[in-house]
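Derivation of every value follows stated rules applied to the coordinates shown; laboratory data play no part. Fair warning: this is a prediction, and the values are worked out from it, not measured in the lab. Every residue, glycine as well, gets a Cβ built from its backbone with ideal geometry; the counts of neighbours run over all protein chains shown.
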Amino acid sequence: MKKILLIEDERSMRLGLAHSLKSQGYSVKAVADGAEGIHLIGTESFDVVVTDLKLPGANGIEVLKAVKSASFDAGVMIITAFADVKTAVEAMKEGAYDYIAKPFDPDELLIVIERFFKQRELEHENIRLREEIRECKHFEQIIGASPGMQLVFDKIRAVAKTDSDVIIYGESGTGKELVANAIYNLSARRDKPFVKINCAAIPEALLESELFGHEKGAFTGAVQRRKGKFEVAQGGTIFLDEVGDLPIPLQAKLLRVIENRSFERLGGNESITIDVRIVYATSKSLKKEEETGKFRRDLYYRLNVLPIQVPPLRERREDISLLIRHFLGSIGSNQGKPDISIAPDALEALLQYDYPGNVRELKHAVEMAVTFCPGKVITLPCLPAEMRVQMPDLEHIQKDSCGESSVIERVKAYERDLIARVLEETGGRKKETAKKLGVSRGTLWRKLKEHGFTLPESDTDE
Ligand SMILES: Nc1ncnc2c1ncn2[C@@H]1O[C@H](COP(=O)(O)OP(=O)(O)OP(=O)(O)O)[C@@H](O)[C@H]1O
Ligand SMILES: [Mg+2]
């Protein structure tokens, strides 16, 4: 029940108002003395305090101040004689919710109180919504407020409810493994095994046995029977990372596993049936791999049923500042520097950078900076060289430019300067230069021509 404190020295008024408030279902405490009211405010909490301005003991303004310094968010309504309206307005500036001038109908006061409760409810709703939004920026350890990442979160939620196989696409360092973890954590198989295997990290000769196991004597060195990852994952989930790197012969075997949910160990003929959910990831475009004959078409279509595309960081720049804050916090406290902060120019440089290595590159940069920066503030020199690029002084450009063309000239000059610097760093290697600049080699080639760089055709690392 909502609690109202009424402070009014005029007896008939006090009794009348208390009665009408009670009849509306409020719990009412009514006192005649200002000091007594202040005492109550210090010991109990109220949703609304209705107080007269002129009171024995203490006046309405003092009551108001007492409410404001108590920790609850009560609304204060001031009752005032007509001659006191000026003081009442002052009281509103001090934080009173409203005032009401005598004489008035008790219903008028009820309306003001109801309006207050409605407004407070809206404010609470707003706070709740804001908190909810903040929560959405975190999803199972994955940070991202951008529409692109929100879409990824929606897809994770949707596929986690199913038992189907999923494929996660995304450039290196975009967080594919985090997405796989989230799918597993939210799925019905969360209490069953979760086995990870990176197809690109295991030599081709060993990969088949790693995945499917082998019988004793299957090959030289196979001194005993060994279970493969698929068998270890029985009942649970397997994460096949970099599936685009699976050699063609194993692609055929994988296709059979997907279709029949069974396989034989290397050197064996016993058929092993498995109940495993497969989550795939790849930083390659399987479509391109398929088109160039490096990936089986039938397998490609099999895998591509439930795709999740994690966008590169440069396509969701609004996430960069969130990630910086997140990594500063977590890495800072890990390294015993919980109050580490970042200087404006260093932050600006991080916000401007293109991140060809995506979130991993950002995380490593913050890690390095936190580790090597002396003091509590990360400054520009603490950042990796490629991120230290200074943007042209835009303010300066706006001040003394006399037209659009001069801005374009300056941007061009800046671009030329930047390319020259990176070329110097990479010793003229175009592939590396393009990567550092975060552009395709085609774009770099065009820019080199545009800016009249003369590079020997054969000096590249192609
Ligand atoms: N959205 C994110 N929020 C928080 N940390 C992230 C996010 N994305 C990536 N990371 C962190 O960046 C690093 C790289 O992420 P992850 O290993 O999942 O990328 P990946 O896409 O699997 O890369 P690769 O293709 O190179 O294997 C990890 O340390 C991970 O914790
Ligand atoms: Mg990975």
Ordered by packing density, taken as the mean number of other Cβ atoms within 10 Å over each peptide's residues, highest first, how do 81-87, 196-202 rank?
196-202, 81-87
Candidate lysines - alpha carbon under 26 Å from residue 253, same-chain residues fewer than 8 apart omitted
176, 192, 196, 216, 227, 229, 284, 287, 288, 294
For the residue pair residue 35 and residue 234, what label-to-label distance in nm results when each label sits 7 Å from Cα along the Cα-to-beta-carbon direction?
8.3 nm
Amide H contacts under 5 Å for residue 58, restricted to residues at least 5 apart in sequence or on another chain and with H modeled in the peptide plane, are 34, 35
Give me the dipole magnitude in Debye, nearest 20, for the stretch 314-387 about the Cα centre, with unit charges on the beta carbon: positive for Lys and Arg, negative for Asp and Glu.
220 debye
Extension length gain for residue 10 and residue 224 (0.36 nm per residue less Cα distance), in nm, is 67.3 nm
Spelling it out for residue 280: with amide H atoms placed in the peptide plane at 1.01 Å from N, the residues 5 or more places away or on another chain with amide H under 5 Å from its amide H are 166, 167, 168, 240
Linear extension gain, residue 259 paired with residue 157, 0.36 nm per residue minus alpha-carbon span:
34.2 nm
Show me, for the stretch 333-346, the HN-Hα J-couplings you get by feeding each phi into the Karplus relation (A = 6.51, B = -1.76, C = 1.60, θ = phi - 60°), rounded to Hz, glycine and proline as x.
6, 4, 9, x, 10, x, 9, 5, 9, 10, 6, x, 5, 5
Sequence-distant lysines (8 or more away, or on other chains) whose Cα lies within less than 21 Å of residue 337
363, 376
Which three extents, in whole angstrom, do the alpha-carbon atoms of the stretch 142-309 cover along their principal axes, largest first?
53, 40, 25
Can you compute the FRET efficiency between residue 285 and residue 85 using 1/(1 + (r/R0)^6), with r the Cβ-Cβ distance and R0 = 60 Å? Round to the nearest 0.05.
0.25
Order of 100, 258, 183 under a 10 Å beta carbon neighbour criterion, fewest first:
258, 100, 183
Alpha carbon convex hull of the chain, projected area averaged over orientations, nm²
36.8 nm²
Spelling it out for residue 49: with amide H atoms placed in the peptide plane at 1.01 Å from N, the residues 5 or more places away or on another chain with amide H under 5 Å from its amide H are 5, 75, 76, 77
